[in-house]
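Here's the structure we're looking at; comments come further down.
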Amino acid sequence: MLRRENAMAACAALLAWAATGCSGEITNPTRGEPRAAAPRLECAVSDNDAIRLRLQPTCGSCHGAGTSHPFFASLSAFEDLLVYDTRFVVGGAPDDSELLRMLEGQGTGAYAQMPLDGAPFATRAERGETAITMAELRDWVTNLGEASGRPAVPDPAAASTRRLDAGEVIAAIQLALGAEPTGAHHPLLDVDGTPPLSPDSPTLDHDYRNPERAQVYAMLGGASYLAQTRPEERWSPSSVTAITQLAQGACSRAVARNNPQLFVEASPSDTLPDGEAAIRANLARLYTRFLHEDPTDADIDALLNDVYAPGEAVSPRTGWTHVCTALIRDPLFLMF
Amino acid sequence: MRLLQSTLTVAVGASLAFAVACDEPTTPLRPGDPDAGMCETPETTPEPTVEDVAPVSHRRLLRRVHLTLHGRPPLDEDVSALDDATSDAEREAVIEAAIADGLESPDFYDRMVDFGHWWLRNGAFVTGAQGDAYMGNMSAHLGRCADDTAHPGAYFLLASLVDEVGIGERTGSQLCTEASPTTRTVEPWWAPGTSVVLLGEAASEASQGTTRGGDPVACGVAVEEYFNMQMQGAGCGCGPNAAWCYPGHGLHIGNDRPGTQRRDMWEEPARLVAHLAWHDRPLSDVVLGNYTVANNRVRAWYLRFGRQSGLPAAALDGNDTWFRPDVGGEPRDPRHPDAADPEAWRELVPEELAPQLLSLSGGVRSADPARTLAWNPVDDAGPAPGLPMAGVLTMPGPSSSFPRERPRAARFLEIFACRSFDPPPPDVHFPPVGEDIATSGQCMHCHTVMDPVAMTFRRWIFVGNYVPRPYLAGVGDLQIPTDLFEPSQRYPHRAWFGAGADRWRQNWTANTVMTPVSAETLAANPATLFYDTIPTDYTIFGEHPDGTMGPLAFAKVLVSSGELDRCAVRRIYERFVGRPLDPEREAGFIRALAARFAAGDRQVRPFVGELMRSPEYRRGF
């Protein structure tokens with residue numbers, strides 16, 4: 001587990017570094033020292049990119065990253081969303097390009113002009129208020145090259161996972177502990193008399209504890225579409241706290257009942273050091289059952305020494321409850 | 001962990017290549033500097049692809065498949081099947097079987113219902129249905145005799161305050177103890193194939209009653225009373241198959257528990273999404289279709305909506321099959337396979353029960369974009385012919401949840417075109433706000449897009465004095481008075497002002513994008529406020545609408561422009577693959593997915609299967 005944490009931290013650092021991209025400080029070519037007051041500049045890597053960077057001072061604030069039309073978020077966004085979309089730009093035909101028409105205040109679509117405020121781009125360009133002239137833009141469209149042919153594939157660097165939603169994680173806990181996933185009633189999850197329940201549940205009944213149960217569900221990040229609240233997209237401090245308490249309660253109950261699925265390789269009465277081999281085997285069994293992944297020896301060492309053994313010092317039941325809880329809190333359990 | 005390390009390797013490689021390209025520009029390009037040069041041509045290194053990333057293990061993949069299609073990890077027997085496989089080929093076969101079986105499982109239908117709620121976002125059916133009691137059913141409310149009475153289980157008309165809160169003298173429930181009240185045994189709409197006993201006035205089948213003033217009045221139209229609804233005339237009962245009545249009453253049915261109509265009306269849009277996926281219908285039917293899915297309570301809602309609008313009673317009351325699940329053989333949901341189950345969500349062309357929701361197909365199920373109706377209150381006289389049905393865009397649930405025209409437009413643009421309506425950047429200047437917020441002031445940042453769509457959503461309004469109820473303005477007997485804005489008529493027209501007449505006059509300004517009607521015309525004929533045909537010279541998503549009345553014109557543009565496809569694949573991908581696509585980095589991929597989706601007749605099930613069989617689905621940890 002430590003390896004995973006270290007790797008994720010390194011990944012975050014790399015992504016932060018890579019995100020600076022080309023926007024670093026300009027280096028003085030003669031002395032190799034940073035210019036103290038130099039603005040952060042970007043460098044163009046292609047003709048299209050040069051146009052993007054020269055339009056950006058006028059257009060970027062409304063069409064940057066995160067907007068409905070993020071044309072200027074990146075070169076790929078500029079090319080994919082604007083330059084090679086024939087609704088906006090028709091290569092070789094500036095008069096047929098809606099982009100130029102809008103910049104000239106002659107748009108034929110929803111927007112008659114760009115920018116939306118008083119003077120269209122062309123007027124501003126005539127006043128010298130823009131970083132590129134209309135003539136240069138027409139020339140660029142006239143001589144527009146072919147699309148780069150970027151493959152239409154998913155971004156391989158995008159994180160391809162998600163958290164389990166509240167309903168999924170409730171079902172996952174039940175299955176891991178050997179129970180059938182049920183609708184409204186979760187005996188193992190009945191922690192403090194308030195097992196989580198979706199406020200939208202199709203099994204709602206007249207139960208005065210429902211609001212409290214719905215609150216636990218909401219703390220797990222669950223949605224209520226009836227109330228137009230969305231599911232939590234990421235595990236938050238609140239939902240991690242809630243899942244910890246829920247896992248501890250459910251695991252404690254399951255261990256106390258000696259649920260057979262939890263004790264395949266060891267008995268609840270096995271203790272260290274005599275029972276170490278059986279306990280290790282049972283830890284491996286539970287790791288696979290909960291996380292759907294084969295553990296390494298280091299994973300079992302960590303579970304045994306860092307989780308089970310301190311708990312067993314109190315009682316074997318405490319040790320196994322700790323193991324069960326740790327596995328439910330593992331990212332492999334909580335993520336898709 | 002193996003996968004994470006692989007992912008990390010890819011990220012490092014990509015970042016280093018980027019650094020080489022931009023580390024030392026030969027001539028830094030300063031924005032605005034026409035003489036600026038370029039960076040050195042980047043050293044080309046093969047771009048990593050999804051296939052370069054080590055896939056998750058078969059165990060983890062099986063878990064993903066089951067979470068995607070069943071909402072839970074695999075069962076023990078599912079895991080055992082994988083454990084028993086002895087080669088990668090056999091393991092792949094187990095995965096493939098899990099995908100194929102899962103897509104055919106009713107669990108997939110349930111997942112699509114959940115997807116529908118997540119995607120469509122309409123909340124509880126409250127506006128136009130609920131005050132401190134539920135009146136959304138537009139029906140007379142029924143009480144039921146206790147087991148220890150002379151007529152156990154029989155139904156009686158509630159007597160307003162008396163039965164609800166104990167105020168008054170005569171109670172409907174007194175009938176339960178009378179030895180021989182008038183009775184009628186009927187097969188009720190809510191339980192076809194069974195019979196119930198109606199007592200007293202409830203037993204009446206009269207089609208005409210008498211108002212308090214002694215005037216004749218048509219039965220089958222309910223009026224609001226305190227906490228419940230009643231037939232509007234003395235002598236009126238529950239009608240054929242008790243179709244004018246609802247088995248329950250306002251204080252007790254105003255919740256979203258299963259088995260309540262309020263919940264059903266919230267469910268209807270998501271159920272349609274799931275139905276389209278389950279029956280391999282084009283997902284575009286969700287906005288283009290003239291049909292929906294409905295259990296008996298939703299059907300009852302549409303029937304009452306039809307009568308409540310003053311539409312021909314004889315045909316609607318004469319329909320004696322609308323509540324019979326085994327008639328017609330319409331496709332239904334997989335959770336209610338019993339042919340006689342009134343809970344089954346089965347296809348319905350609402351025009352059959354609510355003629356004001358126009359099918360434009362002679363009542364036949366259709367999502368043909370050629371369906372059209374040209375009508376507007378400026379050029380055409382008389383009452384509006386109705387509103388062309390356009391899937392969820394004309395459904396009661398979303399119309400209630402998004403209760404005014406502009407919020408409806410904003411939500412539907414977000415839902416179906418993936419638009420967002422963020423405030424404009426603070427450093428952007430706009431021309432001074434004028435008469436039209438779609439063309440001036442900061443408001444135009446959003447309203448330029450929103451208002452041409454919003455104009456189509458203005459006809460669905462809520463009218464009433466206690467609990468407002470839904471109507472289509474200008475349709476049926478809800479004609480907009482010509483003297484609506486005469487000061488002396490404000491009190492007689494108070495229901496209109498309760499419905500928003502002041503807001504209409506203030507916000508629906510003449511000669512604007514949303515209300516392209518002259519001030520003179522609006523003053524002469526307030527019905528023209530409800531101009532809901534997008535002019536054909538408007539442009540939406542780069543296309544011109546075809547002049548069809550109402551939201552159907554917007555639906556057609558959503559589909560023909562490709563906006564719906566591009567947005568739908570993003571939402572499906574996010575929900576089933578597990579991450580949102582980034583339109584800034586993956587626009588080409590989104591377009592490619594949308595093209596494949598459209599080429600596959602927009603069928604969700606095979607598209608989800610394709611996504612689940614892709615290398616991207618196997619990436620993660």
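Some observations on this one:
- The helices (runs of 4 or more DSSP H) falling completely within the range B:383-464 that include 2 or more residues that are aromatic (Phe, Trp, Tyr) and in the same structural domain as residue B:530 (by TED's automatic domain parsing) map to B:405-417.
- The single condition among (1) surrounded by fewer than 17 Cβ atoms within 10 Å (Cβ to Cβ); (2) within 14 Å of another protein chain (Cβ to nearest Cβ); (3) at positive phi that residue A:258 does not satisfy is (2).
- Looking only at residues of the range A:63-99 that are farther than 14 Å from residue A:52 by Cα and in contact (Cβ under 8 Å) with a residue 40 or more places away in the chain, we find that the one that is surrounded by the most Cβ atoms within 10 Å (Cβ to Cβ) is A:97.
- Residue among B:341, B:320, B:333, B:379 that alone is closer than 12 Å to residue B:295 by Cα and surrounded by fewer than 21 Cβ atoms within 10 Å (Cβ to Cβ): B:341
- Selection status of residue B:572, in contact (Cβ under 8 Å) with a residue 12 or more places away in the chain, assigned to a helix (DSSP H, G or I) and either touching a Pro at 6+ places or on another chain (Cβ under 9 Å) or of a type in the set (D, E, K, R) (or both): no
- Those residues of the range A:285-295 which are without any contact (Cβ under 8 Å) to a residue 40 or more places away in the chain and crowded, with 19+ Cβ neighbours inside 10 Å, in sequence order: A:293
- Residue B:168 farther than 26 Å from residue B:126 by Cβ, of a type outside the set (Asp, Glu), surrounded by fewer than 20 Cβ atoms within 10 Å (Cβ to Cβ) and modelled with pLDDT under 90: yes
- Matching residues in the range B:518-552 - criterion: being part of a loop (DSSP other than H, G, I, E, B) and within 14 Å of chain A (Cβ to nearest Cβ): B:534, B:535, B:536, B:537, B:538, B:539, B:541, B:542, B:544, B:545
- Output for the range B:196-242, where each listed residue is more than 30 Å from the chain's Cα centre (by Cα) and among the β-branched types (Val, Ile, Thr): B:196, B:197, B:210, B:211, B:217
- Candidates A:175, A:188, A:197, filtered to the one that is within 10 Å of chain B (Cβ to nearest Cβ) and in contact with a Lys or Arg (Cβ under 9 Å, 6 or more places away or on another chain): A:175
- Check on residue B:551, buried (at least 24 other Cβ atoms within 10 Å of the Cβ) and in contact with a Leu (Cβ under 8 Å, 6 or more places away or on another chain): yes
- Residue within the range B:495-517 that is assigned to a helix (DSSP H, G or I) and under 28 Å from residue B:368 (Cβ atoms) present: no
- Residue in the range B:182-199 that is buried (at least 23 other Cβ atoms within 10 Å of the Cβ) and within 17 Å of residue B:159 (Cα to Cα) present: yes
- Output for the range A:167-222, where each listed residue is in contact with an Asp or Glu (Cβ under 8 Å, 6 or more places away or on another chain), over 24 Å from residue A:262 (Cα atoms) and in a helix (DSSP H, G or I): A:213
- Within the range A:155-166, the set of residues being outside any loop (DSSP other than H, G, I, E, B) and out of contact with any strand residue (DSSP E or B) (no Cβ under 9 Å at 6 or more places or on another chain) comprises just one member, A:166.
- Residue match in the range B:462-474 (condition: out of contact with any Ser or Thr (no Cβ under 6 Å at 6 or more places or on another chain), hydrophobic (A, V, I, L, M, F, W, C), within 14 Å of chain A (Cβ to nearest Cβ) and surrounded by fewer than 21 Cβ atoms within 10 Å (Cβ to Cβ)): no
- Qualifying residue in the range B:211-218 (condition: out of contact with any Gly (no Cβ under 7 Å at 6 or more places or on another chain), among the small types (Gly, Ala, Ser), surrounded by fewer than 22 Cβ atoms within 10 Å (Cβ to Cβ) and free of Cβ contacts under 8 Å to residues at least 60 places away in the same chain): yes
- Residue count for the range B:56-91 under the criterion of being among the small types (Gly, Ala, Ser) and within 8 Å of chain A (Cβ to nearest Cβ): the result is 2.
- With respect to the stated conditions, residue B:294 fails to be surrounded by fewer than 23 Cβ atoms within 10 Å (Cβ to Cβ), at negative phi and aliphatic (A, V, I, L, M).
- Between B:94, B:126, B:113, the distinction of being hydrophobic (A, V, I, L, M, F, W, C), within 14 Å of another protein chain (Cβ to nearest Cβ), in contact (Cβ under 8 Å) with a residue 12 or more places away in the chain and over 30 Å from residue B:267 (Cβ atoms) belongs to B:94 only.
- Filter result for residue B:256 (of a type in the set (D, E, K, R) and away from every other protein chain (no Cβ under 14 Å)): no
- For residue B:360, the criteria (1) aliphatic (A, V, I, L, M); (2) touching a residue at least 40 places away in the same chain (Cβ under 8 Å); (3) out of contact with any helix residue (DSSP H, G or I) (no Cβ under 6 Å at 6 or more places or on another chain); (4) within 12 Å of chain A (Cβ to nearest Cβ) hold in every case but one, which is (4).
- Any chance residue A:166 is surrounded by fewer than 16 Cβ atoms within 10 Å (Cβ to Cβ), within 24 Å of residue A:232 (Cα to Cα) and under 19 Å from the mean Cα position of the chain (by Cα): no
- Selected residue [of a type outside the set (Lys, Arg), away from chain B (no Cβ under 14 Å) and in a loop (DSSP other than H, G, I, E, B)] from A:271, A:321, A:244: A:271
- Restricting the range B:576-617 to residues that are of a type in the set (D, E, K, R), facing chain A (nearest Cβ under 9 Å) and closer than 24 Å to residue B:71 by Cα, the residue that is surrounded by the fewest Cβ atoms within 10 Å (Cβ to Cβ): B:579
- Any pair with Cβ under 7 angstrom, 6 or more apart, that starts in the range B:576-604 at a residue that is more than 17 Å from residue A:156 (Cα to Cα) and ends at one that is among the aromatic types (Phe, Trp, Tyr): B:597/B:607; B:600/B:607
- Test: residue in the range B:435-456 that is surrounded by fewer than 19 Cβ atoms within 10 Å (Cβ to Cβ), away from chain A (no Cβ under 12 Å) and either in contact with a Ser or Thr (Cβ under 7 Å, 6 or more places away or on another chain) or among the small types (Gly, Ala, Ser) (or both): yes
The values are calculated or read from the model by the stated rules, or taken from the named source; none is laboratory data. Given the structure is predicted, the values throughout are model-derived calculations rather than measurements. Reconstructed Cβ throughout: ideal geometry from the backbone, glycine too, with neighbour counts over all protein chains shown.
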